[in-house]
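What follows is a single structure, written as structure tokens, with notes after it.
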Amino acid sequence: MEMIHTVGRRKAAIARLYMRKGSGRIFVNGRDFTEYFPQVHIQNAMLEPFTTVELDPKLYDLKIRVDGGGFKGQAEAIRLAVARALVQLNEDYRRPLKEKKLLTRDAREVERKKYGKPKARKSFQFSKR
């Protein structure tokens with residue numbers, strides 16, 4: 001295994017992941033992932049594919065470049081990229097990851113604002129008289 005390169009997307013976030021054998025260092029945009037994502041539940045969501053296939057994340061070094069979106073969208077984009085990398089690593093991981101829907105790209109996007117309305121669908125109060 002040289003290096004595995006995968007891409008994950010969610011909302012407006014795009015994550016590019018480079019995975020190789022190593023000592024468990026995870027860097028997101030050049031910073032440690034615990035510093036980049038200070039919330040523990042976001043860190044756990046990002047590493048969920050490893051726990052699903054019962055693989056220790058300390059066996060691999062992850063270098064992640066992510067841009068666009070907010071921290072939640074970025075974490076979910078990283079989660080998809082990690083799941084895809086694990087499938088490239090071992091095809092047997094596909095079934096458990098698929099059952100937890102970690103290989104599915106969540107295609108929901110923000111609906112654009114329409115003219116004459118305050119938001120995408122919300123209307124101003126209608127007055128008959």
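Length gained on full extension, F71 to K119: 15.0 nm, using 0.36 nm per residue less the C-alpha separation.
Scalar couplings 3J(HN,Hα) for the stretch 37-43, obtained by applying the Karplus form with A = 6.51, B = -1.76, C = 1.60 to θ = phi - 60°, are 10, x, 6, 5, 5, 6, 4 Hz; x denotes Gly and Pro. For the options G116, G22, G30, a Gaussian network treatment of the chain with springs between C-alpha atoms closer than 10 Å singles out G116 as fluctuating the most.
Taking amide H as placed 1.01 Å from N in the peptide plane, L62 has its amide H under 5 Å from the amide H of R25, I26, F27, each at least 5 places away in sequence or on another chain.
Summed over qualifying helices (DSSP H, 4 residues or more, each -39500 (n - 2.57)) and divided by its residue number, the chain shows a 222 nm mean residue ellipticity of -8500 deg cm²/dmol. Straightening the chain between Q39 and E99 buys 19.0 nm, computed as 0.36 nm per residue apart minus the Cα-Cα spacing. Label separation (E2 vs Y18): 1.3 nm, computed from points 7 Å beyond Cα along the C-beta direction. Couplings 3J(HN,Hα) for the stretch 66-80, derived from phi with the Karplus relation 6.51 cos²θ - 1.76 cosθ + 1.60 (θ = phi - 60°), are 10, 8, x, x, x, 5, 5, x, 5, 5, 6, 5, 5, 4, 5 Hz, where x marks Gly and Pro.
Summary of the geometry: the stretch 66-129 and the stretch 1-62, compared by the centres of their Cα atoms, lie 18 Å apart.
Sorting E99, E91 by accessible area puts them as E99, E91; the probe is 1.4 Å, largest comes first, and only protein heavy atoms count. Summarising the strand pairing of the chain, around 85 percent of its internal DSSP beta bridges are antiparallel.
Taking 19 Å as the cut-off, the amide N atoms of the stretch 92-111 that come nearer than this to a point 7 Å along the Cα-to-beta-carbon line of T52 belong to 92-108.
Just checking the listed ones, P96, P118, P38: in the Gaussian network model of the chain with Cα springs under 10 Å, the one fluctuating most is P118. Close amide H contacts of L47 (hydrogens built in the peptide plane, cut-off under 5 Å, sequence separation of 5 or more or a different chain): none are found. Protection proxy ranking of 52-62, 105-115, by the mean of other Cβ atoms within 10 Å over each peptide's residues and highest first, is 52-62, 105-115. The string of couplings for the stretch 103-109 from the Karplus curve (6.51, -1.76, 1.60, θ = phi - 60°) is 9, 8, 6, 7, 8, 5, 10 Hz, one whole number per residue in order, with x for Gly and Pro. Rolling a 1.4 Å probe over the heavy atoms of the protein chains gives the chain an accessible area of 67 Å² per residue.
The values are calculated or read from the model by the stated rules, or taken from the named source; none is laboratory data. The structure presented is a predicted model; accordingly, all values stated were derived computationally and were not measured. Virtual Cβ from ideal backbone geometry, glycine too; neighbours counted across all protein chains shown. Surface areas here come from the heavy atoms of the whole protein model, side chains and all, with no ligands, DNA or RNA. Shrake-Rupley method; radii C 1.70, N 1.55, O 1.52, S 1.80 Å.
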